[in-house]
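*Asks:* Structure provided below as C-alpha cells; questions to follow.
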Amino acid sequence: MVHQLFFEPKGPFFKIAARMLTSVKNKKTIRLITMVEYFFKELLYDCYRCGDCYLSDLELLCPQSQCPKRLINGPCGGSRGGWCEVWPGERRCLYVRQYERLKDIEELFSRDVAILPPRDWGLDRTSSWINFFAGRDHHRLRNLDESTKNEKMP
Ligand code: SF4
C-alpha cells in the first residue's frame, strides 16, 4: 500500500514525494532520510542498503539479502523442490517465493519488462528513495532501454 501511495506515478503522494526528495540538498537531511529508510527496510525486508531497490519488482522480496547469488533475474536453476541450492532444507528459493506471492501468473507476463536491468553498485549505501525519484536507479534504465520493453518471458 505504501508503495502504491508514494512510488507509483498514479499514487496520490507520488508528486509530493518526488518534489520533496529531489529538492533535498543538505547532507544532514539526506543522511536522516537514509537512516529512516533503512531503519524500516532492515526491519521489514532484511535490507542490505544497496541503494537500488528491487522490492517493487520482486513482490517485496529483497534479492540482495535473500538470494545468496544476489540474482536480479532468477531463478538460477539450482533449486530443488523449491529449496535454495545453497541452503537446501533451510531456505526456500526467492523466486519460488515470488511466484507463490503472485496473485495471478498473468500479472508477471503483463509487466512492461521481463528482464530487469542490473543493479548499480555505485549507489551502495545511499538512499534508494532519493535515487528512485532522482532517476539514478535501475528504473531509469527500464525507461531508456526500449528494446527490452515488450520482451516476454518464454
Ligand atoms: S533491494 Fe536493496 S534497497 Fe531494496 S531492500 Fe534489498 S538491499 Fe534494500
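Any read-out appearing in this document is the output of simple, stated calculations on the displayed coordinates, not a laboratory observation. Since the model is a prediction, treat every value here as computed from it, not as a measurement. Glycine also receives a Cβ, built like all others from the backbone with ideal geometry; neighbour counts cover every protein chain displayed.
*Asks:* Give, in whole angstrom and from largest to smallest, the semi-axes √(5λ) of the equivalent ellipsoid of the chain, with λ running over the eigenvalues of the Cα gyration tensor.
*Replies:* 27, 19, 14
*Asks:* Give, in nm to one decimal, the length gained when the segment between residue 102 and residue 125 is fully stretched (0.36 nm per residue of separation minus the Cα-Cα distance). Kindly include the intermediate steps, with their values, before the conclusion.
*Replies:* Details: separation 23, 0.36 × 23 = 8.28 nm, distance 2.90 nm.
That works out to 5.4 nm of additional length.
*Asks:* Something else about it: Excluding residue 95 itself, what net charge comes from residues whose Cβ is under 14 Å from its Cβ, given Lys and Arg +1 and Asp and Glu -1?
*Replies:* Details: positive: 69, 70, 80, 91, 92, 97, 101; negative: 57, 59, 85, 100.
Spelling it out: positives minus negatives among the neighbours equals +3.
*Asks:* Would you look at the GNM of the chain, springs on alpha carbons closer than 10 Å, and say which of 16, 115, 33 moves the most?
*Replies:* 16
*Asks:* Given the options 25, 15, 69, state which has the largest fluctuation in a GNM of the chain using a 10 Å cut-off (strictly under) for Cα springs.
*Replies:* 25
*Asks:* Restricting to DSSP H runs of at least four residues, report the calculated mean residue ellipticity at 222 nm for the chain, -39500 (n - 2.57) per run over all residues, nearest 500 deg cm²/dmol.
*Replies:* -11000 deg cm²/dmol
*Asks:* Let's test the formula: R0 of 41 Å, r as the Cβ-Cβ distance of residue 29 and residue 8. What FRET efficiency results, to the nearest 0.05?
*Replies:* Details: r = 24 Å, r/R0 = 0.60.
Result of the calculation: an efficiency of 0.95.
*Asks:* Taking amide H positions as placed 1.01 Å from N in the peptide plane, with prolines and chain starts having none, which residues 5 or more places from residue 92, or on another chain, fall under 5 Å of its amide H?
*Replies:* Amide H neighbours of residue 92, under 5 Å, 5+ apart: 84.
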